[in-house]
Amino acid sequence: MVRAMFTRIAGRYDLMNSLMTGGRHHAWRRVAAEAIAAATPGPVLDLATGTADLALAVRALDPARHVIGADFSEGMLHAAMEKSAVRAARLPLVGADALALPFRDKTFAAVTSAFLLRNLEDLAAGLTEMRRVTIPGGRVVSLEITRPAMPGWSQLFGLYFHKVVPAVGAMVARDRTAYTYLPASVDRFLTPDELAALMRKVGYGDVSYRRLGLGTIAVHIATV
Ligand SMILES: C[S@@+](CC[C@H](N)C(=O)[O-])C[C@H]1O[C@@H](n2cnc3c(N)ncnc32)[C@H](O)[C@@H]1O
């Protein structure tokens, strides 16, 4: 269901991100890219790369890095391929399921993902896979949407996310279902503290996070 949904909306995905966030999504990815650029030297995997914005942001900050994008949606990978060609980035792209990565243990200096974790059927298994393919001392960085905690703002954000976003999604992406799934998946997802606790439980060290976007985004950084 998730794979088919992202393939359906791939053509309008970037436009919807810019409309929903007022263009702020690039600044959030830059924060994750900075955390990756500070990782130990070596290749980087951008898991669930989608249209490759985070992979390209890492490349832009750290041009010497070998960055690979992986995703299980053909439509998203196609959009990533086109964008990467337009920017002459020649980004290697791989079809892969985050729950069964086609990479050997300890392959990457860092693994990053943006807006993936709440889509996983088995979050602990996904985090364990990310850890498996990262070298000891390497980093795992996750960017994810989260419910803001501030009273008043939280309710306002909920209203915007549950009412306005599906309506814009229906109009612009012609897919109300996908943009109804989006707020529902955020509601179901863990709080930043709960995610940090799960990361520690599956074996990560030095887990920390910071909130961005008025508390609507969390960037988790962990050491393997
Ligand atoms: C919300 S998009 C995020 C795309 C991109 N990372 C970004 O920053 O815009 C979620 C992406 O996760 C991918 N995805 C979801 N579950 C996945 C899985 N199990 N394995 C690989 N990719 C997955 C989807 O195909 C989609 O491209």
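The values are calculated or read from the model by the stated rules, or taken from the named source; none is laboratory data. Here the structure is a predicted model, which means the values were calculated and not measured. Here the Cβ is made from the backbone with ideal geometry for all residues, glycine too, and neighbour counts use every protein chain on show.
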* Asked: Given the structure, is Gly11 more than 7 Å from the ligand (Cβ to nearest atom), surrounded by fewer than 17 Cβ atoms within 10 Å (Cβ to Cβ) and on the phi > 0 side of the Ramachandran plot?
  -> no
* Asked: Just one of Ala114, Ala149, Ala170 is within 21 Å of Thr49 (Cβ to Cβ), hydrophobic (A, V, I, L, M, F, W, C) and out of contact with any Ser or Thr (no Cβ under 6 Å at 6 or more places or on another chain); which is it?
  -> Ala114
* Selection status of Leu101, at pLDDT 95 or above and more than 24 Å from Arg210 (Cα to Cα) -> yes
* Looking only at residues in segment 108-122 that are surrounded by 21 or more Cβ atoms within 10 Å (Cβ to Cβ) and over 16 Å from Tyr13 (Cβ atoms), which one is farthest from the ligand (Cβ to nearest atom)? -> Ala109
* Give Gly69, Gly75 a once-over and let me know the one that is within 11 Å of the ligand (Cβ to nearest atom) and within 27 Å of Pro192 (Cβ to Cβ). => Gly69
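I'd like to verify a number: residues in segment 42-62 that are assigned to a loop (DSSP other than H, G, I, E, B) and at pLDDT 95 or above, how many? Talk me through it step by step, then tell me what you get.
Going residue by residue through segment 42-62, those that are assigned to a loop (DSSP other than H, G, I, E, B) are 42-43, 48-52, 62.
Those left that are additionally at pLDDT 95 or above: 42-43, 48-52.
So the count comes out to 7.
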* Take the residues of segment 26-59 that are of a type in the set (Val, Ile, Thr) and surrounded by fewer than 23 Cβ atoms within 10 Å (Cβ to Cβ): which is nearest to Ala109 (Cα to Cα)? -> Thr40
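Let's see how each residue does on (1) surrounded by 12 or more Cβ atoms within 10 Å (Cβ to Cβ); (2) touching a residue at least 24 places away in the same chain (Cβ under 8 Å); (3) of a type in the set (Val, Ile, Thr); (4) not in a helix (DSSP H, G or I):
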residue	(1), (2), (3), (4)
Phe157	yes, yes, no, no
His162	yes, no, no, no
Pro166	yes, no, no, no
Ala197	yes, no, no, no
Val207	yes, no, yes, yes
Ala218	yes, yes, no, yes
* To do: Quick one: in segment 14-41, of everything that is charged (D, E, K, R) and in a helix (DSSP H, G or I), which residue is farthest from the ligand (Cβ to nearest atom)?
  => Glu34
